[in-house]
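Beneath this line is the structure, given in structure tokens, with notes to follow.
The values are calculated or read from the model by the stated rules, or taken from the named source; none is laboratory data. Please read all numbers here as calculations on a predicted model, not as lab measurements. Counting neighbours? That spans all protein chains shown, and the Cβs are built from the backbone with ideal geometry, glycine included. Side chains included, ligands, DNA and RNA excluded: accessible areas come from the protein's heavy atoms. Shrake-Rupley method; radii C 1.70, N 1.55, O 1.52, S 1.80 Å.
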Amino acid sequence: MRRRISGRMKLTTTITTCFVILSVLLLQSSNIFNRRNSDLPTTSSLKGSNDSKKQREKLPGGLLATEFDEESCLSRYHQSSLRKPSPYKPSGSLVSKLRSYEILHKRCGPGTDDYKRATEQLGHKHEDGSRSVGECRYIVWLPMHGLGNRIISLVSVFLYALLTERVILVDQRKGITDLFCEPFPGSSWLLPLDFPLMNHIDRFMLGHTHRYGPMLRNPAINLTTVPSSLFLYLLHDYMDLDKMFFCEEDQTVIRQVPWLVVKSNLYFIPSLWLIPSFQTELIKLFPQKDTVFHHLSRYLLHPTNQVWGMVTRSYNAYLSRADERLGIQVRVFSRPAGYFQHVMDQILACTQREKLLPELATQEESQVTSTTSRSQKLKAVLVTSLFPEYSDYFKSMFWGRPSTTGEIIIVYQPSGERVQQTDKKLHDQKALAEIYLLSLTDNIVTTAKSTFGYIAHSIGGLKPWILYKPENHTAPDPPCVRAMSMEPCFIRPPLYGCQAKAIKISPFVMHCEDWISGIKIVDAPK
């Protein structure tokens, strides 16, 4: 009996000892794990090959560089988690061009010796500009008018910088740092506040002596006398001489000027396609021609964390659980603007005719629908407008009766501020967040000639249904048209002069659906 008890005690002691040893080992391994975790670099300092690989996986197509701090600009890496993969892949030529540009920007950007030497040249003429201006040339973008106009002109200027191997610098005084992250690794795109021409660029208007149009008339520049800077006036009210910027011969002269300063509120990329010296390279960069804004905006424009927080909170709360998402962008250009029943009627006619929204069930159908035990599809409708009455109409409409299809329709409008407040930080941030929310929808309806809508559907890779402009307070018939491409419209192109013939015969530039005198890029017919 004693031996049996003694054996049990030994067994118990052995088990207890093993348990203690095992506990100590587990504790040590836990401490090691915790210590190793504490020694790991933060996300902002990840440099290892595994982390770079993970980042590349978040950047489909190789469009973006991987050297960035992920936490400082969440939208750069997290957009792919909210949107479907784009069916439009960037070409190898475009990816290579962007990598080369990043090297150029890093070498010539603010703070470098090349930048310092280039700014010292401002205000001087050079007898042989092609040899004396140095290797770094620049183009300064000045923000003009509303947020949509600024974004489409910024993308246009950036493409011109790519084609001409210029460094783009952006005027930071209108709050661009509140909206977008830095796009280029290792260097800033912000024009320094001590830029030598800073006190003069605000006076660059139609009558300025260094504006390219009047200088042509003088003539003040030629192939042997090159000014250090040149002002390009490419706004909607520009004159015929300004439009000569889009002529091949003029590009030969402009190419030699070290500093270009651009004011524009237009998407002038379609006319760049019609300049012979650019066309061959553009076809290489964008073999699918109507993807220009889609790729360049996804490369260049990354909302700040504050804006991206607005996007993700709204998306997760109102859109993420839907089976399908429809975006409706409403811009009323009439004066005074506001809610108009004929506009609401037009939106309803378009969305129901194109089967984007279901019709309401009759009283009899409502009773059948309410008792049918079929699975119901959830469709989220995102409405963006300065006026909340448009979304309110949809809400009351689908709240009162079920749809004929049995779909459950939920309606969401992020804001309705009634008045556009350009240059107010929070207003512009909300507007940018709404653009990106619209770009996350599956289908989209936009207002004619609205840059807000242009940007949203182009970023999203969507061909929109465009609402025709109403006339005499009457809903047009037909109410809308499906766009032939996802590219924005260049609403004030140079229809006459050096590009007149090219516009008529080009297979990849056509007149816009929503503005007959405008032009847009389409993919050439097979």
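In table form, for the structure just shown:
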{"read-out": "Additional length obtainable on full extension of the chain from Asp240 to His200, 0.36 nm per residue less Cα span", "value": "12.0 nm"}
{"read-out": "Segment His511-Glu324, length gained on full extension (0.36 nm per residue, minus Cα span)", "value": "64.2 nm"}
{"read-out": "Accessible area (Å², per residue) of the range 156-207, counting only protein heavy atoms and a probe of 1.4 Å", "value": "37 Å²"}
{"read-out": "Share of carbon and sulfur in the accessible heavy-atom surface of the range 329-463 [1.4 Å probe, %]", "value": "52 percent"}
{"read-out": "Cross-link pairs Lys97/Lys424; Lys379/Lys449; Lys395/Lys449 - those with Cα-Cα distance over 29 Å", "value": "Lys97/Lys424"}
{"read-out": "When each of Lys106/Lys520; Lys263/Lys520; Lys84/Lys504 is checked by Cα-Cα distance, pairs over 28 Å", "value": "Lys106/Lys520; Lys84/Lys504"}
{"read-out": "Karplus-derived 3J(HN,Hα), 6.51/-1.76/1.60, for each residue of the range 105-115, Hz, glycine and proline x", "value": "5, 5, 6, 10, x, x, x, 8, 5, 5, 5"}
{"read-out": "Hz values of 3J(HN,Hα) by residue in the range 230-235 - Karplus curve (6.51, -1.76, 1.60), Gly and Pro given as x", "value": "9, 9, 9, 9, 10, 8"}
{"read-out": "Surface per residue (accessible, 1.4 Å probe) for the range 465-526, Å²", "value": "53 Å²"}
{"read-out": "Distance histogram for the range 77-198 (every C-alpha pair counted, 5 angstrom bins, percent rounded to whole numbers)", "value": "2, 9, 17, 20, 21, 16, 9, 4, 2, 1, 0"}
{"read-out": "Order by protection proxy (mean Cβ within 10 Å, highest first), peptides 80-93, 297-310", "value": "297-310, 80-93"}
{"read-out": "Additional length obtainable on full extension of the chain from Ile103 to Glu67, 0.36 nm per residue less Cα span", "value": "11.7 nm"}
